Amino acid sequence: MFLLPVIDDDETQNRYWNASLDGRAIHSFLLWVEPHSNAWARRAAAAGVVAPAVTAEAAPAPLHAVGRALVGLTRSPAVAFDPAEVTTALVALPNGPRIAVLDGATDGGLLGLRPAGAHDREAVADAAQVLNDVGLRHVVDLAVGAVVLGDDPGTASLADVCDVVLPGRPGPDPLSFAEALLREGARSWMGQWLRTEESVGARTGPLSVTGRAWLTGVFADSLAFQFYDRLTLRQPRGTAGPVARRHREIHDQLRALRAELPGRVGETVGMGIVAELIATTYPCWNRRQFAVKSPFDYIREIRPLTDAEKAEHLDRWAAPSAVR
């Protein structure tokens, strides 16, 4: 069951709503999702799985992405990590949070994490600034506490640790690395939204690996499209080049999903906040309609919608005249 029975495919005004829909996603995260992520980190800390250094001044408490990331890294059995080294790994983003930038390499069967060098820390800060310039750094600010660099196969063990991202290693193209950081932030953010739905009983258990990967891929592609779409606005009209090519490539990939997207999202996660996040981010339809016709506007504590609420919502917007 998807969010709306009638969908307007007019995407021509989506750019006008970027700031409003970004703000809606931020508000929804802070209202519904972050409290559950913080509660998870507090429970882990109370269970004694966190070394004392994690709650030192370098990471005041597991109430921000960096604190939650350190909790996840400290409790991971596949990781060799000394929280006392966090201070030298931190990068302070301008007018934003601090994030830990680490190198990952397998040593003795465990993934060893060490503070990254100054050049790599600077590259991460530069990528975050690129995202800031197009209004997308909130994904990093809210969902990225630790950046683990490198292509060691052992980093795959961190793929399910929320607030920890694996963008590879910075290369000569700063836009490609910024896209990689954004995509990884999207993966981390989606993981927290899914965990919140599961914690309030929206599903009987975690999603399948396939379903989770598909949803995360659609969300990451949609944000990557936003990245290049906003970059194109800074270039002269008709400019050809790598930004325009990447912009078209991602749009074509997403456009190919249009026919199956509502049904597959509905089958995978149903009518919930994850579906709304996907709907207000996916660029190949009118994103705004899912915000102005939301069944969640008056909910202050996240919970599954009742069957009666779902039926009432779908009936309200079933008429073709209700498209806009």
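In angstrom, the C-alpha Rg and Dmax of region 244-298 are 12.4, 41. The convex hull of the Cα atoms of region 98-209, projected and averaged over all directions, covers 8.0 nm².
Ligands, DNA and RNA left out, the 1.4 Å accessible surface of region 64-129 is 51% carbon and sulfur atoms.
Computed over the alpha-carbon atoms, the chain gives an Rg to Rh ratio of 0.97, Rh here being the Kirkwood radius from the mean inverse distance. Of the beta bridges in the chain, as assigned by DSSP with both residues counted there, near 45 percent are antiparallel.
Given +1 on the Cβ of Lys and Arg, -1 on the Cβ of Asp and Glu, and no further charges, what dipole in debye does the chain carry about its Cα centre, rounded to the nearest 20? Walk me through the numbers before you get to the answer.
Working: 33 positive and 38 negative charges, 101 e Å.
For this selection, approximately 480 debye.
Protection proxy ranking of 269-277, 128-136, by the mean of other Cβ atoms within 10 Å over each peptide's residues and highest first, is 269-277, 128-136. Among 47, 125, 178, the residue with the largest mean-square fluctuation in a Gaussian network model of the chain, with springs joining Cα atoms closer than 10 Å, is 47. Could you please state how large a percent of the accessible area of region 207-302 is carbon and sulfur, counting protein chains only and using a 1.4 Å probe? Exposed carbon and sulfur together represent 52 percent of the surface. Cα-based values for region 197-275, radius of gyration first and Dmax second, are 16.0, 51 Å. Placing unit charges on each Cβ (+1 for Lys and Arg, -1 for Asp and Glu) gives the chain a dipole about its Cα centre, and among 14, 171, 77 the Cα reaching farthest toward its positive end belongs to 14.
Remark: the chain carries 44 Å² of accessible area per residue (probe radius 1.4 Å; ligands, DNA and RNA excluded). Across all Cα pairs in region 219-324, the calculated P(r) in 5 Å bins from zero up to the longest distance comes to 2, 11, 18, 21, 17, 12, 9, 6, 3, 1, 0 percent per bin.
A simple packing score, the average count of other Cβ atoms within 10 Å per residue, orders the peptides 219-230, 14-25 as 219-230, 14-25, with the highest score first. With a Förster radius of 22 Å applied to the beta-carbon distance between residue 105 and residue 159, the computed FRET efficiency rounds to 0.85.
The values are calculated or read from the model by the stated rules, or taken from the named source; none is laboratory data. Remember, it's a predicted structure, so these values are computed and weren't measured experimentally. Note that we place each Cβ from the backbone using ideal geometry, even for glycine, and neighbour counts take in every protein chain shown. Just the protein is used for accessible areas: all its heavy atoms, side chains included, with ligands, DNA and RNA removed. Shrake-Rupley method; radii C 1.70, N 1.55, O 1.52, S 1.80 Å.
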